[in-house]
Structure formats: structure tokens, C-alpha cells
Amino acid sequence: MSEAQLRDNAIRDLVIANRILARENVIDGFGHVSVRHPTNPDRFLLSRSRSPEVVSRGDIMEFELDGTLVSNDPRRPYAERYIHGAIYMARPEINSVSHHHAHSVIPFSLADIPLKPAFHMGAVAGAETPVWDSKPDFGDTNMLVDTLEMGHSLARALGGNATALLRGHGAVCAAPNLAAICMISIYMRDNAELILNTLPLGQPKYLSPGEIEKTAAMLLSDMPLARAWDYWTARAGFQGL
């Protein structure tokens, strides 16, 4: 397959991922998802500043990892593109990143209650979800990760994990591909909802480290990812592609 075909396929799947995360109510009018360039690991693909539910092929832009737009496109990019570039810089094995504001995850950035896997699908979010707080390093801000320095700070907090919370803001997810980023983003949200529903009844019984490791490896393997991607693609209106 030619470089142009690989890039075109990556753009197609990135558009679908935007629509999936919007359809599944993970990303609302804000938030974004990106993919590393399929043949140039020092670049990534991300929509222009637009709500994910309406992102189309023509909206996809190409960036250097420092957030610099490759073309002379006059349209406005996402202010928080530095989230994506900084994580790609720090994590060579990561090929897709999402940033979302699912309401169920935000309480775990505000209280001393850990967001850990409590049901089997939640294992894909990883054993730990660290919380990044911009205030110690950057003081009072507009709460956006709108500089590369802030992106690097967030990437350090994420470390080698699949997910991290932004205090009073939302979350980031990191994955090896677009199907995995959808699975991690969706089930991070669902896991948080289940914990919130359980807390009034008592302390949740979280999965063990071994259960998390084995379950995540199974769910993020090729067959479950393909099955889930087909399901979400159909729900987003792209059945048959």
C-alpha cells in the first residue's frame, strides 16, 4: 500500500473515531482524538477546531509533534493539540490519543477516591489513573493545555499509563491504535459510572492487579478490538465501510 493510501486510510479511521466517541457520549462538543501519522512517526493527524460529531475528512490537519501545523491551512487548530504531540513525543509506542470531558470521570480528579478498574471491561484503562494538576507548575490558568510546556507536564504525569485525569477538567487516554483508543475512552467512562453508582452502597471491590493485566491483554487483542470497532462503527452510521 502506498504512503498516500496509508494516510488516506488513517484519515478515514480518524473521522470514524471522532464520530464513535461522539456517538457514545464520551466526547461532547469539545474534546478531540488524534492518530500518529502512519508513515512519519514525527507527525500526527488531528481535526481542525471543530466538534467531533461533525468532523469530516476535509477537517483533518497534519502537525509536527511540537504542535506546528505542517501546511498553510488558515483554519484554526485545537488549542490543546499540545496534549497529543507531547504524549507522542514521550511514548513512541502510542499511536492514538484522546482528550475528553466525560462527566463521570471528573469527580475522581476532585476527591481522594482512586479511579481503578472495578469491572472487567474497565481493565483496559489500566491499573492506575494518575491525576494531573496544572496549578502547582502553572498557577491560575484557563484550564486548557494550550502550550507545549503544559503538554510535557501532563505527559510526565501520565507516565506509562493508559489514562490520566486532569483536575477539574477531564481525562486523556493513550493507546496503540484508534480502535484501542475508543475502547479505553469508552470503558474508562463506564467504569467511572459504575464506581459512582456503587459508592452509595459501600466500598467497591476493585479488580486485582493480575485480573487487570490479563483482562486488558485479552480485550485489547485483535479479535475483541475488531468486534468492538465494527459495533461502534455501525452505531456511528458507518456500517458497511
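The values are calculated or read from the model by the stated rules, or taken from the named source; none is laboratory data. Since this is a predicted model, take the numbers as computed values, not measurements. A quick note on method: Cβ atoms are made from the backbone with ideal geometry, for glycine too, and the neighbour counts reach across all protein chains shown. Accessible surface areas use protein heavy atoms only, side chains included; no ligands, DNA or RNA. Shrake-Rupley method; radii C 1.70, N 1.55, O 1.52, S 1.80 Å.
For the stretch 104-133, give me each residue that is more than 21 Å from LEU220 (Cα to Cα), open to solvent by less than 30 Å² (accessible area, probe 1.4 Å) and either in contact with a Cys (Cβ under 9 Å, 6 or more places away or on another chain) or not in a loop (DSSP other than H, G, I, E, B) (or both). Within the stretch 104-133, PHE108, SER109, TRP132 qualify.
Among the residues making up the stretch 15-31, those that are surrounded by fewer than 24 Cβ atoms within 10 Å (Cβ to Cβ), touching a helix residue (DSSP H, G or I) at 6+ places or on another chain (Cβ under 7 Å) and under 23 Å from ALA79 (Cβ atoms) are VAL15, ARG19, ALA22, GLY31.
Kindly list, by first and then second residue, each pair from a residue in the stretch 9-33 that is at positive phi to a residue that is open to solvent by 20 Å² or more (accessible area, probe 1.4 Å) and at pLDDT below 95, limited to pairs with Cβ atoms under 6 Å and residues at least 6 apart or on different chains. No pair meets every condition.
Conditions (1) under 23 Å from GLN5 (Cβ atoms); (2) surrounded by 13 or more Cβ atoms within 10 Å (Cβ to Cβ), marked per residue:
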{"site": "SER51", "(1), (2)": "no, yes"}
{"site": "VAL54", "(1), (2)": "no, no"}
{"site": "GLY58", "(1), (2)": "yes, no"}
{"site": "ARG81", "(1), (2)": "no, yes"}
{"site": "GLY85", "(1), (2)": "no, yes"}
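Per the listing MET188, MET143, the residue uniquely open to solvent by 40 Å² or more (accessible area, probe 1.4 Å), closer than 27 Å to ALA86 by Cβ and either of a type in the set (A, V, I, L, M) or within 20 Å of the chain's Cα centre (by Cα) (or both) is MET143. Open to solvent by 60 Å² or more (accessible area, probe 1.4 Å) and outside any loop (DSSP other than H, G, I, E, B) - does that describe any residue in the stretch 156-174? Scanning the stretch 156-174 turns up at least one residue that is open to solvent by 60 Å² or more (accessible area, probe 1.4 Å) and outside any loop (DSSP other than H, G, I, E, B).
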